[in-house]
Ligand code: GLC
């Protein structure tokens, strides 16, 4: 079969990408960089490559000597202005510092954790919350966020799944670009934007056994088709920095990996910003066993393409000697310096090194920010089950039990990496419910702890559940059970939570389970027995209000899962875009399956219910060929056939049925969240370009091959109207 090779020549790839990255190259700035580099001493150059966490008086002299280029974890306009003044008034060349911080899902107004917000499938919302976070951070003296975290994660044992956008490269790419646009705005020179830093480059989510920091060993095909796309899209969106990761990739640590850091990131994609290491990830090359000394680690990292050393002190302590020994050239150091200065100039730090402290007072935690936090939380909620329309509850309910260790909990709703978020800012579920119905109708008890504790309070929970019309049970994970260094070998509810749920259920009172968690949980018993289940993740400061809005029907949930929920941890890794195998799972014994559980997930990728119902009809698929390309159009009609307004997330999947290498059973290629009034019908149309249907073949060429493609358009990865189309090679 003649292949329709769609191998984009390297120069074309770079040209296409340079258009986005080009905004970082400005002739005037480049001239200013050159004249500054020519004035700098070697020590001052190395200083730009050195990033320190936190400030103390002992560092003042180093700033005066130009030996520190950046700080992380210094917050607040007053603090950053004071330190910046030392750099721009007391150092020889007055080069401003760049202040970085983990503004992952909000600065002080904390939005849902990224995995939660990914459940909204709403790039416009994600861009708005990122822009709001940037405003608060910039007003507080921050120039640079170590976000978006765009690691694809297929293993929920890995705690950092909470920080990203789930298992799918397309959804992850769309949201990565939205966050870069939100953080960086139209211009980095805008005092209320901050430079983005997609991380952790690359494939950190592929950690062996879901164990954080563990080795990653994957094919280059998987690297290019699953883990790289969100970074590529983020670079195309103009991201000004990238963070290298802790993990090794196929034997070479990503913080010393010339293939990913230079060949792909710079030569193929045309990235013009700078790369910062993760915390001491350069120093950790010794643990990886690819460097015998810090000096050797510094050589490997710098030559591979890591420009700034976060808290490793490797560059600061070794590069000068290495240059004097002729092992590292000053030219190499100059290249890293230029990239860092380029971002500092783009940020306007030379012209505006300080931030007006007044901005902080009016920008942080404003009413507008809280309203957006509530909207984001509402849209991130996924309705997993709602038998007999138990939800929404009627506000005239006579009595309601609110039970669980997370029902009146402030801290854990903030989730991991909650930056300057404060417990006091959080509305709990109990408080949200109290704002909807009279307090005297509500009976609350904790029931048990999230982890450990005892079961002695379960009896009290049973007692109140026996005497109410309905019970709301809020269970899940504490904030520190996901995020960094928080891998779990079990995905079950911890402590006595399962026992609490069972005991309340056995009272016979209609029960709603509200999950608050940073990763998919294995809850097969709950999924079978409990009539109504809400997946609420960790929704940030407006958590309680948004959940109460959904419980009482003031908001109709429309979120969808960005990640597969396994039945048991034994199924992991389990993801929707899997391969078919030569013996796809079936009734025959000798097919790919388990003896003890089905191969299907508990809840699939893209799944989520609504209080209303949607009907999909009239799928039409057409292929249009023009001289230079072929476009595929898919249209469908979606009607709200229920009695209340609701959102549906229309998803389009394709399958390349026969190709020169095996292809996934389906891949998400488009989606759109739409809102429909009762009985309203909308036509939703998508356009696909041929080059989106390609893959990396055995020779690692990017090819689009002729043949039949199946296409599905529907409400999840397991439902939808099916069609097909054919690509021909003439
Ligand atoms: C941490 C994380 C990284 C974070 C950095 C700075 O170890 O891996 O995501 O941005 O250090 O806090």
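The values are calculated or read from the model by the stated rules, or taken from the named source; none is laboratory data. Because the structure is predicted, anything quoted here is derived from the model rather than measured. Don't worry about glycine lacking a Cβ; one is built from the backbone with ideal geometry, like all the others, and counts go over all protein chains shown.
Key figures for this structure:
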read-out	value
Evaluation of residue 546 against (1) touching a strand residue (DSSP E or B) at 6+ places or on another chain (Cβ under 9 Å); (2) in a helix (DSSP H, G or I) (one fails), failing number	(1)
Subset of segment 235-270 (residues that are away from the ligand (no atom under 15 Å from the Cβ) and within 18 Å of the chain's Cα centre (by Cα))	235, 236, 237, 238, 240
Any chance residue 309 is at pLDDT 95 or above, more than 16 Å from the ligand (Cβ to nearest atom) and closer than 29 Å to residue 103 by Cβ	no
Failed condition for residue 637, given (1) touching a residue at least 60 places away in the same chain (Cβ under 8 Å); (2) assigned to a strand (DSSP E or B); (3) surrounded by fewer than 22 Cβ atoms within 10 Å (Cβ to Cβ)	(1)
Members of segment 272-287 found to be away from the ligand (no atom under 15 Å from the Cβ) and either under 16 Å from residue 206 (Cβ atoms) or out of contact with any strand residue (DSSP E or B) (no Cβ under 7 Å at 6 or more places or on another chain) (or both), listed by number	272, 286
Residue among 156, 112 that is in contact (Cβ under 8 Å) with a residue 60 or more places away in the chain, within 22 Å of residue 673 (Cβ to Cβ) and more than 16 Å from the ligand (Cβ to nearest atom)	112
Any hit, segment 295-306, residues being within 16 Å of the ligand (Cβ to nearest atom), assigned to a loop (DSSP other than H, G, I, E, B) and touching a strand residue (DSSP E or B) at 6+ places or on another chain (Cβ under 7 Å)	yes
Residue count for segment 403-431, restricted to those that are outside any loop (DSSP other than H, G, I, E, B), more than 27 Å from the chain's Cα centre (by Cα) and buried (at least 24 other Cβ atoms within 10 Å of the Cβ)	1
Filtered residues of segment 445-496 (kept if on the phi > 0 side of the Ramachandran plot and within 16 Å of the ligand (Cβ to nearest atom))	483, 485
Candidates 39, 84, 61, 65, filtered to the one that is over 24 Å from the mean Cα position of the chain (by Cα), at pLDDT 95 or above and closer than 23 Å to residue 420 by Cα	84
Number of the exception - residue 120 against (1) at negative phi; (2) within 16 Å of the ligand (Cβ to nearest atom); (3) assigned to a loop (DSSP other than H, G, I, E, B)	(2)
Check on residue 165, closer than 23 Å to residue 480 by Cα and more than 14 Å from the ligand (Cβ to nearest atom)	yes
